[in-house]
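Every number here is computed from the coordinates shown, using simple stated rules; none is lab data. None of these values were measured; they are calculated from a predicted model. Here Cβ is always computed from backbone atoms with ideal geometry, including for glycine, and neighbour counts include all displayed protein chains.
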Amino acid sequence: MSAPGRRTFLAAAGAGAALLLSPGVARAQSSAADRRAERILAGIRVPRFPRRTVSVTDHGAVGDGVHDCTAAIRDAIEACAAAGGGRVVVPAGDWLTGAVHLRDRIDLHLEQGATLRFRQDPAAYLPAVYTRYEGTECVNYSPFVYAYGCRTIAVTGAGVLEGQADATHWWDWTKGVDGGPSPESPDKQRLLAWAEAGVPVEERVFGEGHHLRPNLIQFYRCRDVLVEGVTVRNSPMWNIHPVLCKNVTVRGVTVDSPNGPNNDGVDPESCSYVHIKDCVFDTGDDCVAFKAGKNADGRRVNVPMEHALVEGCQMRDGHGGVTIGSETTGGVADIVARDCRMSSPDLDRAIRVKSSPVRGGYVRDVLCTDIEVGQVGDVVIEVALNYENIDTGPYFPDVRGIEIRRLTAASGPRAWTLFGNPGNPIRDVRLVDCAFDGMTGPNELRDVEGLVLERVTINGQEATA
């Protein structure tokens, strides 16, 4: 929606009718959301780089899709970093590579027509690095583009990062033979058991001979991060994964990875001050998912995910449009999503919060406003504290303070599913000026305290709490 539309317009239920909010109410609602967004943006600065350019071709890279450019790209990055930093340019062409590791003050820039094509051989992502797999720290295959402890780093341009994961590379690690367990499953269980037992991270070694899939882009304990303009495709699992980072901007990015398992779009985890703007998501899992560590390891690290703004994005296929969890252990707070459009028969949910009594942590102060939803496959809004059908456990998450304003939806099975836990309800969910049309089934509600509905319609009828 345009800015004037955000202030005055609510798409109502029925045959496309429109309701005008009173000017005073509309201004108050918009200004409150704008103040929260402005406060978050005040903590974010897009990094700037020295005016120095180094081309990967200067270090022997050949963009024919055949020659391995790993060493040439590494040498270009090292040379640029040694000179004080700047832009490492990948020109138009097809550049085959293994792991790419960034350094301080490096902007990896893919020009129009450039494809950074990542090798399908897992050995290209060794030696193993310090990383995080689904919320738990370990030593594993390097993410395809990786930085640890860096400051002022970026991946920019109009080019493509092609992960080349497919049914016989990386994704097949999730599939068992003849219905048996997946190759990945024993390693996942081993990692979780080690974390529960307090095994030091440096002893949780995977990589060669194991089957934990790496991310496509991961920045770990970095500051002043930018991902801008590029297209990312076909990651082994999560596409863009900042972890324990501060000051992160992801804007104008296209995530085109709808066919892969766990192919989330952008998953900021235990980060602070994150801005995700004007991106397009077509994913095999959640489009944007805010996370904060998992179970025992999340309690050990104990760093929240906080102060994030998602705006102007389009969500197509995916399990959820804007999602929190399921890794909520360190806590998630102060999340704002506004002016986003979401629609696909293969978009299961628009707004999603998921956790369980083994995750713990908290989710609070979440505001979603001016969200236009076309079609969803399951439910428009889901808050579920029984993720993976776990209803009981020692660490109940505290989920409260979720507000959704001026959301419109055109079709789907249900407007909302809100599932708390017995004795651990979801608290203080507020829907204001929302219209759900084309809903074909009943809402689902249990163990919820403080649900407030103000000017909410379902199929043209006023909804009541």
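Does the range 122-236 come out rounded, prolate or oblate, given a ≥ b ≥ c as the square roots of the eigenvalues of its C-alpha gyration tensor, rounded meaning a/c under 1.5 and, failing that, prolate meaning a/b above b/c?
Working: a/c = 2.52, a/b = 1.28, b/c = 1.97.
Oblate, because a/c is 1.5 or more while a/b does not exceed b/c.
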Open item on the list: For the chain, take the longest principal axis of its alpha carbons; what is the angle in degrees between that and the long axis of helix 184-197, to the nearest 10 within 0 to 90?
Closed with: 80 degrees
- [ ] Using Cα pairs closer than 8 Å and at least 6 residues apart in sequence, work out the relative contact order for the range 328-465, in percent.
- [x] 21 percent
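Rank the residues T70, T97 as a footprinting-exposure proxy: fewest other Cβ atoms within 10 Å of their Cβ go first. Intermediate results must be reported in sequence, preceding the final value.
On the way: T70 18, T97 24.
In increasing order of surrounding Cβ atoms, one gets T70, T97.
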Task: All aspartates and glutamates inside 16 Å of K246 as judged from Cα atoms, apart from same-chain residues fewer than 8 positions distant - done: D104, D224, D267, E269, E306, D334
- [ ] Could you work out the Kirkwood radius for the range 261-304, taking every pair of different alpha carbons, averaging 1/r and inverting it, reported in Å?
- [x] 11.7 Å
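Can you give the extra length, in nm with one decimal, that the chain gains between V139 and H169 once fully stretched, where that is 0.36 nm per residue apart less the Cα-Cα distance? If you can, show how the numbers build up before the last one.
On the way: separation 30, 0.36 × 30 = 10.80 nm, distance 2.06 nm.
This chain segment gains 8.7 nm when fully extended.
For R352, R119, what ranking results if the residue with the fewest other Cβ atoms within 10 Å of its Cβ goes first?
Taking fewest neighbouring Cβ atoms as first place, the list is R119, R352.
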- [ ] With θ set to phi - 60°, apply the Karplus curve 6.51 cos²θ - 1.76 cosθ + 1.60 along the range 450-465 and write out the HN-Hα couplings as whole Hz, x wherever there is a Gly or Pro.
- [x] x, 6, 10, 10, 10, 6, 10, 10, 10, 6, x, 10, 5, 8, 10, 6
TODO: Would you mind giving the average projected area, over all directions, of the Cα convex hull of the chain in nm² with one decimal?
DONE: 21.7 nm²
TODO: Would you mind working out the magnitude of the charge dipole of the range 42-176 relative to its Cα centre, with +1 at each Lys and Arg C-beta and -1 at each Asp and Glu C-beta, to the nearest 20 Debye?
DONE: 680 debye
Task: Fully extended contour minus Cα-Cα distance, from D58 to E444, at 0.36 nm per residue - done: 132.9 nm
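Explain nothing, just the number: dipole magnitude of the chain about its Cα centre with +1 on each Lys and Arg Cβ and -1 on each Asp and Glu Cβ, in debye rounded to the nearest 20. Present the calculation step by step, with values, prior to reporting the outcome.
Values: 49 positive and 60 negative charges, 314 e Å.
So the dipole magnitude of the chain works out to roughly 1500 debye.
If you rank Y141, Y148, Y220 by fewest surrounding Cβ atoms within 10 Å, what's the result? Working shown, then result.
On the way: Y141 28, Y148 17, Y220 21.
Taking fewest neighbouring Cβ atoms as first place, the list is Y148, Y220, Y141.
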Task: Stretch gain in nm, segment D104-E454, where the contour uses 0.36 nm per residue and the Cα spacing is subtracted - done: 121.1 nm
Task: Calculated [θ] (222 nm, deg cm²/dmol) that DSSP helices of n ≥ 4 give over the chain, each run adding -39,500 (n - 2.57) - done: -4000 deg cm²/dmol
Task: Rounded to 10°, Cα long-axis angle of helix 23-41 versus longest principal axis of the chain - done: 20 degrees
Open item on the list: Taking the 0 to 90 degree range and rounding to the nearest ten, how far is the long axis of helix 70-82 tilted relative to the main principal axis of the chain, both from C-alpha atoms?
Closed with: 80 degrees
TODO: Starting from the amide H of G293, placed 1.01 Å from N in the peptide plane, find each other amide H under 5 Å away whose residue is 5 or more places distant or on another chain.
DONE: S270, T329, G330
TODO: For the range 143-237, give the share of DSSP beta bridges that are antiparallel, in percent and rounded to the nearest 5; count only bridges with both residues there.
DONE: 5 percent
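Express as a percent, rounded to the nearest 5, the fraction of DSSP beta bridges in the chain (both residues included) that run antiparallel. Intermediate values should be presented prior to the final figure.
On the way: 12 of 147 bridges.
For the chain, the DSSP antiparallel bridge percentage is about 10.
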